[in-house]
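Participant: Take a look at the following structure, please.
Please treat every number below as a calculation from the coordinates, not as lab data. Being a predicted model, the structure only gives us computed values, none of them experimental. Here the Cβ is made from the backbone with ideal geometry for all residues, glycine too, and neighbour counts use every protein chain on show.
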Amino acid sequence: MIAPKYIKKIFIRAQSADPSPPLGTVLGNLGVQTTGFCNSFNLFTKTLPVYFLLKTTIHIFDNKSTTFTVDLPSVGYFLSLLKFEKLVKIKIFDKYQEKNIFCIKLFELFKLAIFKFPELSICKSFLIL
């Protein structure tokens, strides 16, 4: 396997790679065809929502060709996207108080478990979350 000449790590939104700056500047200064990279990246991430910010490692070789790897967001990032606030009343002694709590729907947790850990059974992946 040929070692890359340059390795660049950059955050790119899913389906949103654009040959304009800043990505175009980073890759263009190294002689890479940014349009080709952007098309490949957008095709690779087409099934992900556009609000996913993906840590991408770009390997640039001597012949100016590229490969890239994408790290999926962490479970904490997904949970922050899924949470919603709910106002509940709590009885403390003889008095009711209103509190805001954060909730996540159980169905959304199951979908996250399947997405994040597809190789595990649903029981094991749900326990990890």
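Participant: Using only the Cα atoms of the chain, construct the convex hull and provide its projected area averaged over every direction, in square nanometres to one decimal.
Facilitator: Result: a mean projected hull area of 11.6 nm².
Participant: Report the FRET efficiency, 1/(1 + (r/R0)^6), for S16 and S121, where r is their Cβ-Cβ distance and R0 is 30 Å, rounded to 0.05.
Facilitator: Efficiency computed from Cβ-Cβ geometry: 0.35.
Participant: Among A14, T66, T34, pick out the residue whose Cα is farthest towards the positive end of the charge dipole of the chain, where Lys and Arg carry +1 and Asp and Glu carry -1 on C-beta, about the Cα centre.
Facilitator: A14
Participant: Give me the angle, in degrees from 0 to 90, between the Cα long axis of helix 34-44 and the longest principal axis of the Cα atoms of the chain, rounded to the nearest 10.
Facilitator: Once rounded, one gets 40 degrees.
Participant: Taking neighbour counts of Cβ atoms within 10 Å as a proxy for exposure, in what order, fewest first, do C38, C123, C103 appear?
Facilitator: C123, C103, C38
Participant: Picking from D94, D71, D62, which is most flexible by a Gaussian network model of the chain using Cα springs under 10 Å?
Facilitator: Checking each option, the largest mean-square fluctuation is seen for D94.
Participant: Here's something else I'd like to know. May I have the convex hull volume per residue, in Å³, for the Cα set of segment 6-71?
Facilitator: With only Cα atoms used, segment 6-71 gives 68 Å³ per residue.
Participant: OK, next. Once every DSSP H run of n ≥ 4 in the chain is given -39500 (n - 2.57) and the sum is divided by its residues, what mean residue ellipticity at 222 nm do you get, rounded to the nearest 500 deg cm²/dmol?
Facilitator: It comes out at -9000 deg cm²/dmol, rounded to the nearest 500.
Participant: So how do Y6, Y77 line up by other beta-carbon neighbours within 10 Å, fewest first?
Facilitator: On the way: Y6 15, Y77 12.
Going from least to most buried by this count: Y77, Y6.
Participant: May I ask you to derive the FRET efficiency for Y77 and K46 from their Cβ-Cβ distance with R0 = 25 Å, giving the value to the nearest 0.05?
Facilitator: Efficiency, from the Cβ-Cβ distance: 0.80.
Participant: Mind telling me which of V70, V26, V88 comes out most flexible in a GNM of the chain, alpha-carbon contacts under 10 Å?
Facilitator: The residue that fluctuates most here is V88.
Participant: Okay, next question. Which far-off residues, 5 or more places away or on another chain, put their amide H under 5 Å from the one on Q15, with H placed in the peptide plane?
Facilitator: So Q15 has HN proximity to T45.
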